[in-house]
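Asks: First, the structure itself, so that you have it in front of you.
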Amino acid sequence: MSADATAGPAVPQQSADRPAAVRPKEGLGSRLAALAGGGLVRVVLLVVGLFWLLPTAGLLLSSLRTPVDISASGWWKVFTSPSQLTVTNYRTLLDNHAITDSLVNTALITIPATLLVVVIGALAGYAFAWMDFPGRDWWFIAVVAMLVVPVQVALIPVAKLFGDIGIFGDISGVVLFHTAFGLPFAIFLLRNFFAEIPRELLEAARLDGAGELRLFTRVVMPLGGPAIASLGIFQFLWVWNDMLVALIFADSNSQPITVALQQQVRQFGNNIDILAPGAFVSMVIPLAVFFAFQRQFVSGVMAGAVK
């Protein structure tokens with residue numbers, strides 16, 4: 001047998017005249033996507049973030065200038081005349097008992113309203129997620145339906161109710177109103193988060209002899225920490241920055257900082273030496289709370305997407 005017969009099939013050789021494969025040109029969308037994955041997006045986001053912080057920086061610098069300087073020029077003038085910066089406005093703010101008392105009232109309103117919503121919302125969310133009781137689904141539908149009820153609808157009826165029971169104008173009335181309107185969202189959020197906990201984990205804890213209370217405190221609460229932290233931040237920011245509810249349900253002895261600053265507006269102008277530092281102080285506290293729990297907040301927001 002000849003050598004040609006034993007050889008395998010001949011592989012066709014590429015002709016020298018055949019053109020090489022041409023890579024298709026990248027379109028405009030592909031180039032934009034490539035740029036989006038690079039450092040250009042970071043630069044754009046940095047610029048957007050600086051613009052977002054610009055009003056805060058302007059408020060801070062305005063609070064460190066005298067009313068005469070504020071009336072004469074803009075806050076950016078301090079970069080060429082740093083001698084304008086002074087802490088006189090903050091000394092005046094601390095001497096204003098209406099502002100300092102309102103800060104205390106704001107804390108007395110915000111902290112209980114936040115804690116009550118978190119605790120009651122977590123208990124109710126666990127009950128709706130893992131406990132069987134008559135009409136559970138219908139009760140949960142009623143809770144979800146209350147999410148669409150606007151605050152303005154309940155102002156007059158609740159004000160009349162609080163007047164009848166003697167808590168209208170008191171801090172307790174403001175706390176109860178914020179708690180009542182914060183609970184539907186809290187129950188909805190925590191119930192959906194608790195429902196994602198593996199059933200096998202809860203059944204293993206029950207086999208070890210854990211009751212419902214111990215199961216809630218030792219298993220569900222640690223796993224629901226990110227969602228609870230997110231809820232606490234939302235509720236804290238909402239109550240701290242609220243003015244409508246406090247303007248109606250709080251009197252002069254229980255008014256929070258938002259109402260106190262609104263009452264500092266003069267008839268023929270703004271009391272800028274009080275408004276600027278007061279507004280900055282009222283803004284810094286919730287920002288500090290947010291950044292203190294930033295990691296838990298991000299974990300709670302992303303928990304649903306990850307699952």
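The values are calculated or read from the model by the stated rules, or taken from the named source; none is laboratory data. Everything numeric in this text was worked out from a predicted model, so none of it was measured. What goes into the accessible areas is simple: the full protein's heavy atoms, side chains included, and nothing from ligands, DNA or RNA. Shrake-Rupley method; radii C 1.70, N 1.55, O 1.52, S 1.80 Å.
Asks: Under a 1.4 Å probe, what is the accessible area of region 177-268 per residue, stated in Å²?
Replies: 51 Å²
Asks: Taking amide H positions as placed in the peptide plane 1.01 Å from N, state which residues far from residue 65 in sequence (5 or more) or on other chains have amide H under 5 Å from it.
Replies: Answer set, sorted by chain and number: 86.
Asks: Considering only protein heavy atoms and a 1.4 Å probe, what is the carbon-and-sulfur percentage of the accessible area of region 56-120?
Replies: After summing per-atom areas, the C and S share lands at 72 percent.
Asks: When the Cα centres of region 54-75 and region 178-244 are compared, how far apart do they sit, in Å?
Replies: Here the answer is 43 Å between Cα centres.
Asks: Could you sort 215, 207 by their accessible area in this structure, using a 1.4 Å probe and putting the largest first?
Replies: Values: 215 0, 207 155 Å².
Accessible-area ranking of 215, 207, largest first: 207, 215.
Asks: Just the number please: accessible area per residue for region 56-108, 1.4 Å probe, all protein chains included, in Å².
Replies: Roughly 57 Å² per residue, with all protein chains present.
Asks: If DNA, RNA and ligands are ignored and the probe is 1.4 Å, what is the ranking of 136, 199 by accessible area, most exposed first?
Replies: 199, 136
Asks: Can you give the Rg and Dmax of region 43-197 based on its C-alpha atoms, in angstrom?
Replies: In Å, with Rg to one decimal and Dmax whole: 23.3, 71.
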